[in-house]
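Heads up, the thing below is written out as structure tokens.
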């Protein structure tokens, strides 16, 4: 069994993105589940194209996309992705869609196939704060979660897909007073614990 | 040169106190400064007595007390201690003073002798959130900071003393949603960076 | 033209719900738009039944449901409702659904027909904090928003429906330290400003 | 009996200061206590000079200074002022002292003569969030609180002095997401409730 694990590159004012940094440090195998890792650009559509190619070459059983959610206090598996792009800042290629559908022929929203409550519980058992989120926002994170679901529903019905957000790193909040953070080591342990839930299913 | 570094034991509902855990993991020598470590009880007066004995036996040049400040987002060197005990919860021996002076013949407050801005800057250069605080509260943390200053002003004029607060650990906020945390590894790195400022003075 | 404006009764540990309190104080007419007001119970399904009856009797052009979102800092028009009930606490009749669909034959989610960005802008122009939210949660608030959309898509295609969350009142956070609030007067002004946007469409 | 009630003018990026706005709206008499109101500039030393003149002309029995503390969730009577100026931003005349004593011959700190716990309790009984603070910071608010105490201890031993901080207004946080606020009406009610405690002493 194989998991495709993706992380975004840095965006906005940040020079680092905990998502890709954490993904790099996750083990290559977790409880017998092979981990194929992929860096994706924080760019609408292009990120999805890169995942599509990786699905064809890697043929994963699971997809888990990791993204940064500045301001959150813990690791948050996402419940649902919506058919909606609305960007507060430009993506890494300058695109800034406003109140747009992602796919005219897609569902309004898709629910993850992953057991998000169990994943969150496993993260908390590692002594890392976590809760299940019901919004991935409307920027590239939600876009990618939605796109993966769209592909699953159209082309890859046997893949189970999902998304997790992780907080800023401590280094990212040194000049953001009053904003919470989580260490990279805890990100890695948290992601690993969540993936282990998938491995033993 | 020698630093006496103290950390409190757990109190309230918590089974762990990051202060003593971090103190244990700080190196025994930092840039030529010897580190003498001491666990102190979260108990009014008894904590100070234990420090007094350690001063006599260790003859330190610096004293740095570390305490937990649940709810803070970074490591916070304290500027000032006040002559005032006012406990929201009982200490570890059931004492709960309300609006009481610590010493009738002490100053209203004492300022630290430590270079708190430089210490905070050094912590931030380690990519760990930090700011200088102007209140150590009115529980045992402020009490200990005040008591150390009282001793310095009465008996040990050559010692430089100070206090730093550190946030909850991630494990402590697993069931405290919306409360920030910092990892033990970052506590240790932050304390070490602050102590290095003292070492090179 | 007529707007059906609903507010929930108190739930959980609170003896008051700013939603129904604010609804009561909104004017009965705003820029020519008649306001029909309705108190609804914080109860899965029963809340929706009560709204269904009111739609039949009042024949509104717009429906706006107001709910409390403890912990938010401003008034938040909601973008989307999801086909999902998951209750952290029981509703006012003891029901506590866990990870359940609301309607087997409903869409995964429905987007509001209301101009939420304009509404949020109008609230901010009243000097009241506001932002558009992409999650109404998974308790009775999301349930009602979803149910209204389900009715609109099945039975009442000419009605435009939507939902707004408002923060705790100051009285509700007196014993919830570190939790933000908004006054009832600002709730009323904010709702009125948002409704005015609908009136002039 | 007479209370001198002061409020600061706007400073930093803000065009309004809730302190002086609230002071203006407090009744001119509360439970038999006459209220003399004074606007003071957010300027080190000059603010204190203006208060000194007002003490000579008004001969108050109590002094209560009101200041803005952006980021706080409730009204906070202050326990203590420290002999320390350290400004993160310039005051309204461009002064920006760094780690300076206010008075070489003053105490390190002065405690308020006002019953801050009773005042906070009275504010909470008005259903407004409040707690006693142990720091007024190190900008002009702490400066004024310290200066008033310095005058009391030198010249006016019969006056009882104190300070209360109030949060941002909602209008001030419209473009400060995630920052709490309190309405002007609640500021006025809270200050009035606190002053009533003094009136009945």
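Every read-out reported here was derived from the displayed coordinates using simple, explicitly stated rules and does not represent laboratory data. Note that the coordinates shown come from a computational prediction; the quantities given were computed from them, not determined experimentally. Here the Cβ positions follow ideal geometry from the backbone for every residue, glycine too, while neighbour counts run over all protein chains shown.
Some notes on this structure:
- Within a Gaussian network of chain C (alpha carbon springs, distance under 10 Å), most fluctuating of C:174, C:188, C:43: C:174
- GNM top mover of C:136, C:19, C:122 - chain C, alpha-carbon springs below 10 Å: C:122
- Whether the range A:44-167 is rounded, prolate or oblate, judged on the alpha carbon gyration tensor where a/c under 1.5 counts as rounded: oblate
- The calculated FRET efficiency for residue A:88 paired with residue C:24, based on their beta-carbon distance and R0 = 51 Å, is about 0.90.
- Beta bridges by DSSP in the range C:2-199, antiparallel share as percent, to the nearest 5: 30
- Considering only the protein assembly as shown, percent of DSSP beta bridges that pair antiparallel, nearest 5: 30
- Take residue C:1, move 7 Å from Cα toward the beta carbon, and the resulting point lies 5.4, 5.7, 7.3 nm from the same point in each other copy, nearest first.
- Mean sequence separation of contacting Cα pairs (under 8 Å, at least six apart), scaled by the length of the range B:2-199, corresponds to a relative contact order of 30 percent.
- Over chain A, DSSP H runs of length four or greater, each weighted -39,500 (n - 2.57), average out per residue to a 222 nm ellipticity of -9500 deg cm²/dmol.
- Spin-label model, residue A:95 to residue B:125: label points 7 Å out along the Cα-to-beta-carbon direction sit 4.3 nm apart.
- 7 Å along Cα→Cβ, label-point gaps from residue C:34 to other copies, nm, shortest first: 5.8, 6.8, 8.9
- Inter-copy label distances at residue D:118, shortest first and taken from points set 7 Å along Cα to Cβ: 4.7, 5.6, 6.1 nm.
- Global form of the protein assembly as shown, assessed from the alpha-carbon gyration tensor, a/c cut-off 1.5: oblate
- Relative to the compact-globule estimate of 2.2 N^0.38 Å, the Cα radius of gyration of the range A:48-101 comes out at 1.41.
- Of C:14, C:187, C:91, the one that fluctuates the most in a GNM where chain C has Cα springs shorter than 10 Å: C:14
- For the range C:111-201: rounded, prolate or oblate by the Cα gyration tensor [a/c cutoff 1.5]: oblate
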